[in-house]
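Asker: Next up is a structure, given as structure tokens.
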Amino acid sequence: MTPLSQRHEPQLAVHVEDLTVSYQSKPVLWDIDVNVPPGVLAAIVGPNGAGKSTLIKSILGLVKPTAGHIYIHGRPYREQRRRVGYVPQRSSVDWDFPTTARDVVTMGLYGKLGWLKRVGKREQQQAEDALELVGMQDFRHRQISQLSGGQQQRVFLARALVQDADVYFLDEPMAGVDATTERAIVNILRELRDQGKTLIVVHHDLQTVTSYFDWLMMLNVRAVAQGSVQDVYTADNLRAAYGGQIALLQSESFLQQLESPADTSADITPDASGVN
Amino acid sequence: MLLADYTIQTVIMGAVLLGISSGVLGSFAVLRQQSLLGDTLAHAALPGVCLGFLLAGSRNLGSLLGGALFTGTLAALMVMVLLRRSRLKTDAALGIVLSLFFAWGVVMLTFIQGRSNASQGGLDAFLFGQAAAILRSDLWVMGGITLLALALVTVFWKEFKLITFDPLFAGSLGLPVRALEALLTAMIALAVVIGLQMVGVVLMAAMIIAPAVAARQWTHRLEPMVVLSALFGATGGTVGALISATGRSLATGPLIILVMSVLVLVSLLASPERGILWDIWQRTRYRRSLKGKQVLTTLYQLSLKHHNHAYPSEQGMVDAYYGVGTEALLKQLAAQGLVARVQHMPEERSHWALTEAGRHEAERILRTLNQYDEHTLDTPLPVSS
């Protein structure tokens with residue numbers, strides 16, 4: 001093994017080793033390994049309280065892990081900040097904050113701007129270009145509280161776009177948005193993937209996992225399974241991740257339908273099941 | 001006259017400085033939903049004032065304010081630890097710390113008063129403030145802290161804005177969110193301490209909250225909000241100080257807060273888009289236009305029934321359908337050119353007929369209603385079959 005200061009698993013966009021996070025001695029994430037290759041559109045799914053948001057937050061250094069190492073393109077996150085973009089949950093901010101859509105998008109450039117520098121014409125233009133990509137150019141001067149949920153989510157996405165990152169983390173970007181926005185977001189995510197960027201999305205809707213994503217991680221405090229969607233999206237894994245709750249999410253016939261084609265469930269990443 | 005008076009000049013200058021600093025810093029406190037932090041810090045300053053007095057042995061402003069800053073910081077740290085280590089919510093943590101420190105302060109105050117020390121005089125002025133006790137030399141301290149607050153907010157403008165709006169995203173960019181939050185809290189504590197002499201620990205929170213809340217009503221952007229908040233703070237301070245200087249020996253601090261509250265009240269009521277009156281007006285207007293549309297379609301269906309586009313409906317009949325007078329609504333529709341008052345011999349009572357434009361408008365309304373749901377076609381007259 002190379003020393004920690006050198007590049008570690010540089011062929012992976014995101015590499016997490018033995019990550020454990022606990023809130024007040026209760027483990028939220030337990031001994032997680034994550035390996036995401038570059039250029040995939042990856043979903044993280046799992047039941048409520050599975051630690052999906054916490055996983056993203058600890059990768060981004062927003063939650064202090066009890067144990068574990070995190071690498072983005074082979075280097076610790078601290079050294080790779082400029083290559084990472086983030087879309088927090090829409091509900092995590094107060095949308096009555098006095099500001100405009102364009103102003104929120106320019107916040108994505110604060111990291112590059114650095115201390116003391118002001119937002120100028122160039123940054124505003126960049127923000128407007130990003131708003132155009134998400135179809136929000138007409139709302140750039142709109143007070144953010146006057147935007148619909150879907151529009152607010154698009155503004156958040158535009159803010160991540162101006163970050164011009166290589167690896168994106170998105171926390172439930174499709175939660176509570178209208179169908180048009182959901183389609184627009186998926187199209188943008190696909191376009192970013194086709195440009196070779198890596199996208200890691202906390203997703204709540206199992207119905208759309210197979211059609212939207214090409215990489216999948218199932219999480220329930222432990223990493224249940226991860227890999228390409230067709231390998232991981234199996235009835236066994238869904239039962240393992242969701243337990244009894246799966247009956248509420250999917251009908252049994254749906255699971256049987258999944259089971260019938262072939263036994264693809266053997267292809268789970270070995271690390272994930274060896275945890276106890 | 002009034003303004004030439006040395007003491008009044010000092011008080012007004014102090015009030016303006018305090019209004020600016022608490023207005024600017026209060027904007028961030030209010031937006032961070034930490035309005036009560038100012039209240040806790042103010043009450044926590046009381047034991048510090050007493051400590052400073054005991055240590056210095058006299059009423060020396062420097063040691064009093066130093067003590068206030070010390071216990072204020074202690075309280076802020078305590079709130080932070082409670083929030084992080086226990087499951088208490090913010091309001092409960094702030095409330096517990098506030099009452100603990102205030103009780104401690106009042107106990108110390110009575111202890112000092114019981115010692116019947118000659119120099120203890122006026123220590124209880126810190127409870128409700130005593131503006132006249134402010135000295136010219138105090139103004140330098142207040143001015144320095146105000147300048148510091150303005151400089152910090154200017155330098156760290158976009159950082160403060162981001163940690164206020166979206167601390168998670170700020171953290172992902174690598175901003176030292178906790179350090180910046182601590183800096184803001186420390187600045188608020190300083191603003192509170194310089195306000196103690198003027199408005200006292202009990203009312204100081206209003207100096208932090210009121211200008212910001214009033215300013216928020218009038219603007220949609222942070223920059224004008226902060227400027228306006230400083231302006232409201234300074235105005236409230238000046239007007240309050242002037243009223244108290246009219247010579248009826250009314251307390252300055254509470255008067256400043258009263259003036260500020262009037263500003264808040266007016267802003268909450270009358271500001272465009274966010275104001276309560278504006279809201280009511282909008283809703284009334286909407287309801288009226290809805291009622292107007294109903295009346296219009298009623299006239300239209302009456303005319304259909306009579307196979308006469310210009311069928312003059314008697315106003316009494318329309319009134320009867322709605323059970324209320326419709327004269328005002330009809331007049332409004334007439335002003336829009338949708339209906340016209342017509343004579344219908346031999347009757348002399350008012351009759352109304354659709355104009356050409358009114359007929360088209362009624363048809364348009366019915367069409368859109370039908371588009372959504374046939375059952376929403378809720379007009380008093382059944383459509384003739």
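Asker: Which of A:15, B:307 has the fewest other C-beta atoms within 10 Å, and how do the rest follow up to the most?
Answerer: Starting with the residue having the fewest Cβ neighbours, the order is B:307, A:15.
Asker: Using Cα springs under 10 Å in a Gaussian network model of chain B, which residue among B:72, B:57, B:275 shows the largest mean-square fluctuation?
Answerer: Maximum fluctuation in the GNM of chain B, among the listed residues, is at B:57.
Asker: Please report, in Å, the Rg and the Dmax of the stretch B:3-99, where both are computed over Cα atoms only.
Answerer: In order Rg, Dmax, the Cα atoms of the stretch B:3-99 give 16.2, 55 Å.
Asker: Still on this structure, please answer the following. Between the stretch B:191-205 and the stretch A:68-98, what's the alpha-carbon centroid distance in Å?
Answerer: A separation of 39 Å, based on Cα centres.
Asker: Arranged by the count of other C-beta atoms within 10 angstrom, fewest first, what order do B:187, B:142 take?
Answerer: Ordered from fewest to most neighbouring Cβ atoms within 10 Å, B:187, B:142 come out as B:187, B:142.
Asker: Run the reach check for residue B:291 against aspartates and glutamates, Cα to Cα strictly under 13 Å, same-chain hits fewer than 8 apart removed. What comes back?
Answerer: B:319, B:327, B:378
Asker: Let a ≥ b ≥ c be the square roots of the eigenvalues of the Cα gyration tensor of the stretch B:238-364; is it rounded (a/c under 1.5), or, if not, prolate (a/b larger than b/c) or oblate?
Answerer: Prolate, because a/c is 1.5 or more and a/b exceeds b/c.
Asker: Separate question: Taking the Cβ of each residue in B:91, A:178, B:39 as the centre, tally the other Cβ atoms inside 10 Å and list the residues starting with the fewest.
Answerer: Result, fewest neighbours first: B:91, A:178, B:39.
Asker: Something else now. Can you compute the helix-only [θ] at 222 nm over the protein assembly as shown? Use -39500 (n - 2.57) per DSSP H run of at least 4 residues, normalise by all residues, nearest 500 deg cm²/dmol.
Answerer: -18500 deg cm²/dmol
Asker: Rounding to the nearest 20 debye, state how big the charge dipole of the protein assembly as shown is about its Cα centre with +1 on each Lys and Arg Cβ and -1 on each Asp and Glu Cβ.
Answerer: 1960
Asker: With r as the distance between the Cβ atoms of residue B:262 and residue A:138 and R0 = 45 Å, compute the FRET efficiency 1/(1 + (r/R0)^6) and round to 0.05.
Answerer: Values: r = 39 Å, r/R0 = 0.87.
That gives a FRET efficiency of 0.70.
Asker: On to the next question. Give the residue list of trypsin sites (Lys or Arg not before Pro) in the stretch B:95-191 that are DSSP loop and have at most 13 other beta-carbon atoms within 10 angstrom.
Answerer: B:115
Asker: Find the centroid of the Cα atoms in the stretch B:241-289 and in the stretch B:291-330, then give the distance between the two in whole Å.
Answerer: Answer, in whole Å: 43.
Asker: Between residue B:178 and residue B:269, what is the spin-label point distance in nm, taking each point 7 Å from the Cα along the Cα→C-beta axis?
Answerer: Using points 7 Å along Cα→Cβ, the separation is 4.7 nm.
Asker: Hey, how many Å between the Cα centroid of the stretch B:3-69 and the Cα centroid of the stretch A:42-65?
Answerer: Using only Cα atoms to place each centre, the spacing works out to 43 Å.
Asker: If we count every other residue with Cβ under 12 angstrom of residue B:340's Cβ, Lys/Arg +1 and Asp/Glu -1, where does the sum land?
Answerer: On the way: positive: B:331, B:341, B:359; negative: B:356.
Every neighbour counted, the sum reads +2.
Asker: List the lysines whose alpha-carbon lies under 17 Å from that of residue B:89, not counting same-chain residues fewer than 8 positions away?
Answerer: none
Asker: Right, something else. Within chain B, which DSSP H helices have Cα atoms that stretch 18 Å or more along the helix axis and a mean Kyte-Doolittle hydropathy of at least 1.0?
Answerer: For chain B, where a helix must reach 18 Å along its axis and average at least 1.0, the hits are B:6-31, B:35-56, B:61-85, B:90-114, B:136-155, B:177-216, B:222-244, B:252-270.
Asker: How long is the gain from residue B:342 to residue B:327 if the chain were fully straight, where each residue apart is worth 0.36 nm and the alpha carbon distance is subtracted?
Answerer: Contour length minus the Cα-Cα distance gives 4.0 nm.
Asker: Longest segment of chain A with no trypsin sites (Lys or Arg not before Pro) in a DSSP loop having at most 13 other Cβ atoms within 10 Å?
Answerer: Counting only loop sites that pass the neighbour cut-off, the longest clear stretch is A:119-276.
Asker: Straight-line reach from residue B:161: which aspartates and glutamates fall under 17 Å, measuring Cα to Cα and dropping same-chain residues less than 8 apart?
Answerer: Answer for residue B:161, where 17 Å is the Cα cut-off: A:94, A:96, A:103, A:123, B:181, B:223, listed by chain and number.
Asker: Could I ask something else about it? Taking a 22 Å limit on the Cα-Cα distance, which of the listed pairs A:57/A:117; A:26/A:64; A:64/B:158 fall beyond it? Show your work: numbers first, answer last.
Answerer: On the way: A:57/A:117 27 Å; A:26/A:64 14 Å; A:64/B:158 25 Å.
Checking Cα-Cα distances, A:57/A:117; A:64/B:158 exceed 22 Å.
We did not get these values from a lab; they are worked out from the coordinates using the rules stated. Keep in mind it's a predicted model, so treat the numbers as computed, not measured. When we count neighbours, we look across all protein chains shown, and the Cβ atoms used for this are built from the backbone with ideal geometry, even at glycine.
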